[in-house]
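Taking it in order: structure first as structure tokens, then the write-up.
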Amino acid sequence: MQTVHIIATNRLVLRSASNSDLDQLYDIVFSDPEVMSQAFEGKPLSRKQAADFFTSSFDLDGNGMQLGILTLKGSGTVIGFAGLLESTAIGKQDFEIGFVLGREFWGKGYATEIGLAQIEHGLVQKKCARLLAFVAPKNEASKSTLLKIGMQHHSTIETSSRGMRDVYIVYRKK
């Protein structure tokens with residue numbers, strides 16, 4: 001299947017996933033203890049766990065309402081993943097935005113750039129009433145990014161799969 005560009009920014013493209021992306025994501029994200037200490041359950045995923053998550057949560061058909069592959073515009077270098085995930089964590093059917101970048105791509109403004117674009121995509125194009133983001137309470141860099149892109153702290157919850165998470169929220173303007 002041909003890949004579909006879901007979001008494009010000045011420097012980034014978020015595109016649909018293909019099965020061939022799993023190995024690259026495993027190498028730069030899912031198997032990296034430092035990266036994964038800030039995401040999901042706070043620890044690296046086994047190859048099987050990564051494959052199961054990839055199959056269930058990634059946009060393999062270009063619908064724009066699941067996780068996609070985040071690449072550098074021009075070169076196509078895979079730098080991580082981002083996109084929307086369905087969530088009922090705070091009592092309603094919502095979508096969560098997120099971004100997980102390989103360590104070598106931290107500190108370059110990519111999270112802010114794709115975060116702003118995801119808000120535009122979710123609130124304007126997909127007409128979501130609100131978007132959520134979940135972050136580990138100790139992940140100061142991501143919390144700073146979420147505030148910078150216009151999200152506000154909503155609450156702190158404990159999830160069965162991710163443990164304690166600060167919830168950030170942004171609403172569509174009426």
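Every residue, every condition in (1) free of Cβ contacts under 8 Å to residues at least 12 places away in the same chain; (2) closer than 23 Å to P44 by Cα; (3) in contact with a strand residue (DSSP E or B) (Cβ under 6 Å, 6 or more places away or on another chain); (4) crowded, with 21+ Cβ neighbours inside 10 Å, yes or no:
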residue: S75; (1), (2), (3), (4): yes, no, no, no
residue: F99; (1), (2), (3), (4): no, yes, yes, yes
residue: K143; (1), (2), (3), (4): no, yes, yes, no
residue: K174; (1), (2), (3), (4): yes, no, no, no
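Among all residues of region 81-91, there is none that is farther than 23 Å from L22 by Cα, among the acidic types (D, E), touching an Asp or Glu at 6+ places or on another chain (Cβ under 9 Å) and surrounded by fewer than 22 Cβ atoms within 10 Å (Cβ to Cβ). Put simply, of L123, L70 the only residue that is over 11 Å from the mean Cα position of the chain (by Cα) and either surrounded by 14 or more Cβ atoms within 10 Å (Cβ to Cβ) or at pLDDT 95 or above (or both) is L123. Quick check on region 53-60. Is at least one of its residues small (G, A, S), buried (at least 19 other Cβ atoms within 10 Å of the Cβ) and over 22 Å from S142 (Cα atoms)? So far as region 53-60 goes, no, none of its residues is small (G, A, S), buried (at least 19 other Cβ atoms within 10 Å of the Cβ) and over 22 Å from S142 (Cα atoms). Please tell me if G150 is touching a helix residue (DSSP H, G or I) at 6+ places or on another chain (Cβ under 9 Å), touching a residue at least 12 places away in the same chain (Cβ under 8 Å), not in a strand (DSSP E or B) and not aliphatic (A, V, I, L, M). The answer is yes for G150. Scanning region 122-147 for residues that are outside any loop (DSSP other than H, G, I, E, B) and not aliphatic (A, V, I, L, M) yields G122, Q125, R130, F134, E140, S142, K143, S144, T145.
Just one of the numbered conditions (1) touching a Ser or Thr at 6+ places or on another chain (Cβ under 6 Å); (2) under 21 Å from D27 (Cα atoms); (3) at pLDDT 95 or above is not true of E113: (2). Please tell me if L131 is closer than 21 Å to I28 by Cα and either among the β-branched types (V, I, T) or modelled with pLDDT of 95 or more (or both). So L131 fails the test.
The values are calculated or read from the model by the stated rules, or taken from the named source; none is laboratory data. Only a predicted model underlies this, so the values are computations on that prediction, with no experimental measurement involved. Don't worry about glycine lacking a Cβ; one is built from the backbone with ideal geometry, like all the others, and counts go over all protein chains shown.
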